[in-house]
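Reviewing the structure listed below.
The values are calculated or read from the model by the stated rules, or taken from the named source; none is laboratory data. If you're wondering where the values come from, they're calculated on a predicted model, not measured in any experiment. Cβ: placed from backbone, ideal geometry, glycine included. Neighbour counts: every protein chain shown.
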Amino acid sequence: MEQKKPVDRRLQIVEAAAKSFAMFGYKATTMELVSKIAAVGKGTIYTFFATKEDLFSEIIGQLCAELRVLAERIIDRERIFFDNLAAVLHELLLFREKHELIVKLSQEVRDIGTPMAKDGIAKMETAIHTFIQHEVELAVQKGELRAVDPGLTAFMMLKMYVALGAEWNKHHAPLTREEIADYFTSLLRDGITVS
């Protein structure tokens, strides 16, 4: 006779909370709502997470890890730095635009400015920034880039790509992935001065 696997209550709670935060946002999610979605008592939740903030932090941590895995999967060490960078930023931007939780948190930040939602978005941005910074450091070590401040350079790269991929499209004809990658890469690699 086949034995049933024990139910992982912690995982069940985290998945239910992620659903709730994605559907209702941080502010409207309560431990009671999570307990209903998870089909567990509120007391069960508190055996794993002392507060809603702790539960939210767990989910954001998992999301940051997911972003990192996605970025690492895209990197091809045989490609040049700028091709990798454009590919990674494109996929991370797509992920950010399509992930229900990120979309909901972004709306909540825009509409009501919930501090924990802001903090969650900031942690994800930091995870992406840290990944790019590491790649800049590697590119400098390999001689693909001149010596630059890796943190500042990663910040500028991320903000420029997001601006091209998301902000530009709000007020202008949308750029294709290839157009964004080409412009982004040529501007960073070649600059804007006449040689």
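Going by what's in this entry, would A16 be described as within 21 Å of the chain's Cα centre (by Cα), of a type in the set (A, V, I, L, M, F, W, C) and either surrounded by 13 or more Cβ atoms within 10 Å (Cβ to Cβ) or farther than 24 Å from E97 by Cα (or both)? Spelling it out, A16 is indeed within 21 Å of the chain's Cα centre (by Cα), of a type in the set (A, V, I, L, M, F, W, C) and either surrounded by 13 or more Cβ atoms within 10 Å (Cβ to Cβ) or farther than 24 Å from E97 by Cα (or both).
Of all the listed residues (V88, V109), the sole one being crowded, with 16+ Cβ neighbours inside 10 Å and within 20 Å of D182 (Cα to Cα) is V88. When the range 118-131 is filtered for residues that are closer than 14 Å to R96 by Cβ and either touching a Lys or Arg at 6+ places or on another chain (Cβ under 6 Å) or not hydroxyl-bearing (S, T, Y) (or both), the ones remaining, listed by number, are G120, I121, A122, K123, M124, E125, A127, I128, H129, F131. Looking across the range 136-195, the residues that are surrounded by 10 or more Cβ atoms within 10 Å (Cβ to Cβ) and either in contact with a Lys or Arg (Cβ under 8 Å, 6 or more places away or on another chain) or among the hydroxyl-bearing types (S, T, Y) (or both) come down to V140, T153, Y161, Y183, T185, S186.
Rundown of residues vs (1) modelled with pLDDT under 90; (2) in a loop (DSSP other than H, G, I, E, B); (3) touching a Ser or Thr at 6+ places or on another chain (Cβ under 9 Å), yes/no style:
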{"position": "M124", "(1), (2), (3)": "no, no, no"}
{"position": "H134", "(1), (2), (3)": "no, no, no"}
{"position": "A147", "(1), (2), (3)": "no, yes, no"}
{"position": "E178", "(1), (2), (3)": "yes, no, no"}
{"position": "F184", "(1), (2), (3)": "yes, no, no"}
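Pairs linking a residue in the range 134-154 that is more than 14 Å from N84 (Cβ to Cβ) to a residue that is of a type in the set (F, W, Y), with Cβ atoms under 7 Å and 6 or more positions apart or on different chains, do not occur.
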